[in-house]
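Undergrad: Sharing a structure with you now.
The values are calculated or read from the model by the stated rules, or taken from the named source; none is laboratory data. Quick caveat, the model's predicted, so the values are computed rather than measured. Every residue, glycine as well, gets a Cβ built from its backbone with ideal geometry; the counts of neighbours run over all protein chains shown. Only protein heavy atoms, including side chains, enter the accessible area calculation; ligands, DNA and RNA are left aside. Shrake-Rupley method; radii C 1.70, N 1.55, O 1.52, S 1.80 Å.
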Amino acid sequence: MLSTETRCLCGAVTITVKEINPRFTVCHCESCRAWGGAPFFAVQCGTKVNIEGAENIKMYDSSSWASRGFCTECGTHLFFKFKGSGEYNMPVGLFRDIKGLEMDMQYFSDQRPSYYCFSNKTKEMTRAEIMDHFSSKI
Ligand SMILES: [Zn+2]
Ligand SMILES: [Zn+2]
């Protein structure tokens, strides 16, 4: 994957990512759905991320293991960042030119409400499975 660049709606923040995993994830947890109004579709962007206009980003400390960043001028959701590893997950909709996008994983599948479902065939993890699997990270 070549380096790709994106901007928030107003252009106050520009983000360049060196490595994006096109196998994106969906998170159904209550925090993600409250933050964005719907499940969070995220691509893993690793740590090779360059941000211009970082002074226009507000970080919200959403849990003991991660923070969420958004543009203070237009409100565009920019990333979910793991405190321990420094890795970024970013909304898939920020990027226009990623090849081979494929829904790979649905997190917090047990918190998915009954009023929607996806027909995509994906892996799934419940809250208990996530806590067990990522206990070393969080
Ligand atoms: Zn903005
Ligand atoms: Zn979530």
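Undergrad: Counting helices only, and only those DSSP H runs with n ≥ 4, report the 222 nm mean residue ellipticity of the chain as the sum of -39,500 (n - 2.57) divided by its residues, in deg cm²/dmol to the nearest 500.
TA: Working: 2 runs with 14 residues, N = 138.
Computed mean residue ellipticity for the chain: -2500 deg cm²/dmol.
Undergrad: Now a separate question. Pairs of lysines 8 or more apart, or on different chains, with alpha carbons under 22 Å: count those in the chain, would you?
TA: Final tally of qualifying lysine pairs is 16.
Undergrad: Using a 1.4 Å probe and counting only protein heavy atoms, arrange Ser136, Ser62 so the residue with the most accessible area comes first.
TA: On the way: Ser136 110, Ser62 35 Å².
Listed by decreasing accessible area, they come as Ser136, Ser62.
Undergrad: Moving to a separate point now. Note down the relative contact order for the chain as a percent, whole number, built from C-alpha pairs under 8 angstrom at least six residues apart.
TA: Numbers: 275 pairs, mean separation 34.1, N = 138.
25 percent.
Undergrad: Also, quick follow-up: Can you tell me the length gained on complete extension of the stretch Lys83 to Thr16, counting 0.36 nm per residue apart and subtracting the Cα distance? Mind showing how you got there, number by number?
TA: Numbers: separation 67, 0.36 × 67 = 24.12 nm, distance 1.96 nm.
That pair, Lys83 and Thr16, stretches by 22.2 nm at full extension.
Undergrad: In the stretch 100-138, whose amide N lies under 12 Å from the spot 7 Å out along Cα-to-Cβ of Glu30? List them in ranges.
TA: Correct set: 111-112.
Undergrad: If you find the alpha carbon centre of the stretch 2-18 and of the stretch 40-59, how far apart are they in angstrom?
TA: Here the answer is 8 Å between Cα centres.
Undergrad: So for the chain, what percent of the C-alpha to C-alpha distances run longer than 24 Å? Before the final figure, lay out each step's value.
TA: Values: 2683 of 9453 pairs.
Roughly 28 percent, rounded to a whole number.
Undergrad: Viscosity 0.692 mPa s, temperature 37 °C: what is the translational diffusion coefficient of the stretch 81-138 from Stokes-Einstein with a Kirkwood Rh over Cα pairs, rounded to a whole number of µm²/s? Please list the in-between numbers first.
TA: Values: Rh = 13.8 Å.
Here the translational diffusion coefficient equals 239 µm²/s.
Undergrad: According to a simple spin-label model (label point 7 Å from Cα along Cα-to-Cβ), what is the distance in nm between Cys74 and Lys121?
TA: My value for the distance between the label points is 3.8 nm.
Undergrad: What net charge is computed for the residues neighbouring Lys81, neighbours being all others with C-beta under 9 Å from the C-beta of Lys81, Lys and Arg scored +1, Asp and Glu -1? Display every interim value, and only then the final one.
TA: Working: positive: Arg68, Lys83; negative: Glu87.
That works out to +1.
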